[in-house]
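The structure appears below as structure tokens.
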Amino acid sequence: MDESISGEESPKGEAGRAQGDSGGGSTRVSAAREVAERLGRALNDPLVVTVGPEVIFVNAAGERAFGESAEALFGTPLEELLPGTTSNLEASAEIASDPVDCEARRRDGSAFPAQVSFSRVTVDREVCLVIVRDVSEERRVEEELRRTRDQLAEAQRVSRIGSWEWDIPANRVSWSDELFRIYGLEPGEFDPSYEKFLEHVHPDDRDAVNARNQKALVDHQSFEDVKRCLRGGGSPFLMRTQGEVIVGDDGQPLRMLGICSDVTVELEAERAQAELASIVASSDDAIVSTTLELEIISWSPGAARLYGYEPDEVIGQHLSIIVAPDRLAEHEANVSRLVAGETVEHYETVRVAKDGTPIDVSLGISPVHHADGSLIAISTIARDITDRKRFEAQLQHLADHDPLTDLANRRSFEEELDKRVAEARRYGTGGAVLMLDLDNFKYVNDALGHGAGDDLLRSVAALLRMRMRATDMLARLGGDEFAVYLAHADADAAGEVAHSLLEALREHVVPVDGRPIGVTASIGVACFAEDTSSGDELLADADHAMYRAKDSGRDRAVTVSASERENRGETRLGWEHRIREALERGLFVAHCQPILDLRTDRVSQYELLLRMADGEKLVPPGAFLGVAERLGLIHAIDRWVVGQAFELLSEHPELRLEVNLSGLSLDDPPLLALIRDGIAERSIDPSRLIFEITETAAIGNTDVALSFATALYELGCSFALDDFGAGFGSFYYLKHLPAQYLKIDGDFVSSPRTRTDELVIESIVRIATGLGKQTIAEHVEDAATLRALRDGGVDFAQGFHIGRPAPLSALADEELVG
């Protein structure tokens with residue numbers, strides 16, 4: 001009995017063979033089987049032997065591969081095991097065909113990738129030997145390799161790093177897709193080569209790059225450098241290259257490979273960071289960074305110099321180490337605003353040095369953001385303004401105080417008095433003002449000289465100061481006039497103080513040049529009343545009472561009575577009638593006063609001045625403008641003055657005019673419209689018009705003054721601040737006003753001048769020059785003053801020494817501009 005295909009006896013196998021070959025066919029199959037068994041044992045891969053399309057033999061590897069025994073696979077069509085291979089079976093020749101890929105099927109229905117080769121042999125009959133190689137592991141490895149390559153390509157794309165390889169013996173170069181992109185090219189746009197690579201190096205760096213590569217081929221050392229390269233469009237960029245050489249067993253270079261990256265932005269950032277670090281290191285400003293919780297994380301050299309702490313003393317500390325306790329809440333609030341997305345403007349505050357010294361600083365605070373936009377830190381830049389603050393305080397003191405006696409001056413006294421009057425009207429608190437004028441002081445100056453007079457004034461000021469309470473206020477209004485504000489005082493209390501001052505002055509003897517000088521005074525007393533509307537009214541009442549005291553024989557005090565207050569109201573009504581009448585009947589008169597250009601010594605412009613005709617007399621503006629402002633008539637007056645200015649400018653094409661305006665007219669839309677229409681209708685060159693208001697009016701209405709001055713600037717007109725120096729506290733606001741001229745207050749210009757006056761003028765000139773503005777000195781009354789002003793850098797001068805105000809008609813027949 002024949003052996004089965006598997007080498008064991010099997011009825012089924014016998015039956016199968018009998019069915020496959022009748023008669024002598026059984027012998028032929030047996031012979032083919034024996035050959036297949038011997039071949040199958042020699043193969044590690046599955047072997048399937050077919051006669052025609054049916055399987056007659058499967059070796060042990062095939063049983064494992066297909067999951068079925070050989071006898072069970074006997075007679076199975078090959079198409080069931082290797083789908084789609086029938087055509088290969090029919091076309092197979094004696095020489096094994098090239099392997100074909102297919103999905104081999106197991107008996108349980110699962111599949112595995114396979115490579116199949118066919119060859120036809122003849123033993124006792126023609127059979128086909130089918131060698132099946134399971135390539136599952138190869139496919140897995142290939143897929144893993146493909147996935148790794150894809151990941152590498154994606155990593156290069158994300159990291160913007162390209163790779164390259166140079167097969168040196170074959171002179172074949174390959175670039176990754178990302179390297180093409182770095183050069184601004186489409187992947188595979190051309191076949192890379194060493195020559196192509198050099199073409200994309202900047203011409204000035206090409207020799208250096210080639211030398212670098214040749215050196216690496218000789219010494220086999222890795223290299224890294226940055227060179228300029230060219231994008232596809234020709235634009236240069238900075239390329240960092242890292243490479244190494246692979247050598248063979250004989251020591252000869254086989255390959256050069258490496259990676260490249262565009263570092264233009266990175267190196268520019270490093271350069272900018274280095275520049276910033278250099279700026280920070282050399283800056284005198286204190287630059288400090290903190291976390292959002294105010295923990296210090298950076299400390300510049302400027303901070304060390306300003307605060308006295310070295311970095312290792314403060315890094316990690318809370319910012320409160322340098323913040324004044326009463327300013328910490330301020331800083332925390334500003335940080336909260338930054339966190340909320342708001343902008344914090346520069347502001348002035350106080351910091352504390354290591355030794356406890358308070359430091360005035362101008363502070364800028366700004367957010368530090370991460371690349372993703374999140375807020376990660378707070379940066380502060382502090383500039384030491386201690387000296388500036390000290391200087392400003394000195395200037396403010398000069399502006400608020402009389403330089404001779406160091407008492408409050410008229411301006412600061414009037415400002416404080418207005419506040420007290422407003423407070424009294426609101427809360428019903430009392431108060432009084434005493435106006436004190438020395439008797440016969442003129443004779444001291446005339447007989448003993450101004451020096452003796454100054455000594456006397458200083459001595460009287462010291463005496464009065466000693467007798468004042470902390471809540472009172474004492475001022476020198478000018479000349480030999482003093483004023484006292486008594487807080488919460490009624491008429492009786494004010495009268496007692498006045499008489500005690502008179503008595504103290506009678507007993508006061510001042511030695512001047514070895515001679516004892518006695519002094520008396522006349523005092524006027526005015527108390528707050530329900531109808532008191534301003535400090536000016538109270539001062540006017542006290543001044544009126546003081547002159548009554550002088551008229552009554554001096555060395556006495558007089559208090560304003562209720563009936564006198566009523567008469568004061570009647571006087572106001574009288575002025576209202578006169579002002580309205582002047583407007584209706586054209587009784588206002590315009591005069592012009594020349595202004596000298598100190599650089600050319602020629603008259604360059606005129607100031608338009610207002611007078612009121614009263615019969616044969618002319619009433620100066622000081623007598624009625626204050627009343628006009630209180631009664632709301634100032635707008636009509638200012639419009640009249642502007643109209644006169646346009647008339648004069650139309651008649652004299654070369655004339656330049658300065659026109660005074662009240663601070664109350666700055667928000668008068670009809671006035672601005674009048675100016676705009678006058679310029680357009682009369683074709684006036686707007687640069688010939690200079691509008692001026694007093695410094696105190698501008699500061700009292702800063703926003704309004706800014707809006708008005710900006711409108712004038714846009715029209716082409718100029719803007720001047722009059723009486724400049726009467727309010728040094730306004731220097732901060734001055735930088736916001738587009739004023740071209742600063743008119744130095746005449747109190748600093750008039751002779752005799754003190755060293756304090758000269759310093760104030762010098763400071764104003766320096767500040768004006770720094771701000772790009774020009775200065776005009778008022779009250780120039782002699783040649784010596786004019787020379788001093790010219791030497792001091794003042795631009796223009798005005799005063800009786802230059803020329804007195806004159807009517808418009810007087811200008812008709814003379815040259816207006818020299």
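Roughly how many percent of the accessible protein surface of the chain is carbon and sulfur, given a 1.4 Å probe and a whole-percent answer?
50 percent
So, R0 is 35 Å and r is the distance between the beta-carbons of residue 450 and residue 491; what FRET efficiency does that work out to, to 0.05?
Efficiency at R0 = 35 Å is approximately 0.40.
Please determine, in degrees from 0 to 90 and to the nearest 10, the orientation of helix 450-466 with respect to the longest principal axis defined by the Cα atoms of the chain, where the helix direction is its Cα long axis.
Between helix and principal axis, roughly 70 degrees.
Where Rh is the Kirkwood radius over the Cα pairs of region 165-247, the temperature 37 °C and the viscosity 0.692 mPa s, what D in µm²/s does Stokes-Einstein return?
Reported coefficient: 245 µm²/s.
On average, how much accessible surface per residue is there in the chain, in Å², for a 1.4 Å probe, leaving out ligands, DNA and RNA?
Accessible surface, normalised per residue, equals 50 Å².
Quick check: residue separation of residue 500 and residue 515 times 0.36 nm, minus the Cα distance between them. What number comes out in nm?
Contour length minus the Cα-Cα distance gives 2.9 nm.
Under 14 Å between alpha carbons, and skipping anything fewer than 8 positions from residue 419 in its own chain: which aspartates and glutamates qualify?
472, 536, 537
In the chain, what percentage of the DSSP-assigned beta bridges are antiparallel, given to the nearest 5?
85 percent
Considering the zone a paramagnetic label at residue 806 would reach in this model (a point 7 Å from Cα along the Cα-to-Cβ line), which residues of region 657-679 have amide N under 16 Å from it?
Flagged as within label range: none.
Might you report the magnitude of the Cβ-based charge dipole of region 223-381 about its Cα centre, with Lys and Arg at +1 and Asp and Glu at -1, to the nearest 20 debye?
Roughly 440 debye, rounded to the nearest 20.
Which value in nm describes the separation of the simple spin-label points at residue 291 and residue 755, placed 7 Å from the Cα toward the beta carbon?
5.6 nm
Which shape class, rounded, prolate or oblate, goes with region 446-507 when its Cα gyration tensor gives a ≥ b ≥ c as root eigenvalues, a/c under 1.5 marks rounded, and past that a/b bigger than b/c marks prolate?
Cα axes put region 446-507 in the prolate bin.
Compute the Kirkwood hydrodynamic radius of region 34-89, taking the inverse of the mean of 1/r over all pairs of distinct Cα atoms, and give it in Å to one decimal.
11.2 Å
Students often check this: by mean Cβ neighbours within 10 Å, which of 448-455, 521-528, 309-316, 712-719 ranks highest, and how do the rest follow?
Result, highest mean first: 521-528, 712-719, 448-455, 309-316.
Quote the charge dipole size of the chain about the Cα centre in Debye, to the nearest 20; the model charges only the Cβ of Lys and Arg (+1) and of Asp and Glu (-1).
Result for the chain is approximately 1400 debye, rounded to the nearest 20.
How much of the calculated P(r) for region 426-549 lies past 23 Å, in percent of all Cα pairs?
Distances greater than 23 Å cover 31 percent of the Cα pairs.
If R0 is 60 Å, what FRET efficiency do you get for residue 340 and residue 387 from their C-beta distance, rounded to 0.05?
Efficiency for this residue pair is about 0.95.
When Rg and Dmax of the Cα atoms in Å is calculated directly from the model, which label among (1) 26.9, 85; (2) 52.8, 173; (3) 28.6, 96 fits?
Correct label is (2).
Once Lys and Arg get +1 and Asp and Glu get -1 on their Cβ, which of 329, 306, 373 lies farthest toward the positive end of the dipole of region 286-375?
Of the options given, the answer is 306.
By a straight-distance test (C-alpha under 23 Å), which lysines pair with residue 389 as possible cross-link partners, with residues fewer than eight away in the same chain excluded?
Output for residue 389: 354, 735, 773.
Find out how many positive minus negative residues lie around residue 711, taking Lys and Arg as positive, Asp and Glu as negative, among other residues whose Cβ is under 12 Å from that of residue 711.
Cβ neighbours under 12 Å give a net charge of -2.
Note the angle between two axes, namely the Cα long axis of helix 702-715 and the longest principal axis of the Cα atoms of the chain, as a number of degrees from 0 to 90, rounded to the nearest 10.
80 degrees
Pop a pseudo-label 7 angstrom from the Cα along the beta-carbon direction at both residue 584 and residue 362 and give the gap in nm to one decimal.
With each label point 7 Å from Cα toward Cβ, the separation is 5.5 nm.
So how far apart, in nm, are the two label points at residue 374 and residue 235 if each is 7 Å from Cα heading toward Cβ?
Output for this residue pair reads 3.2 nm.
Using only Cα atoms, find the angle between the long axis of helix 11-20 and the longest principal axis of the chain, and express it within 0 to 90 degrees, rounded to the nearest 10.
Approximately 80 degrees, to the nearest ten.
Go ahead and run the numbers for FRET between residue 221 and residue 687, Cβ-Cβ distance against an R0 of 60 Å, rounding to 0.05.
It comes to 0.20.
The values are calculated or read from the model by the stated rules, or taken from the named source; none is laboratory data. What you see is a predicted model, and the numbers here were worked out from it, not measured in a lab. Heads up, the Cβs are rebuilt from the backbone with ideal geometry, glycines too, and the neighbour counts pull from every protein chain shown. What goes into the accessible areas is simple: the full protein's heavy atoms, side chains included, and nothing from ligands, DNA or RNA. Shrake-Rupley method; radii C 1.70, N 1.55, O 1.52, S 1.80 Å.
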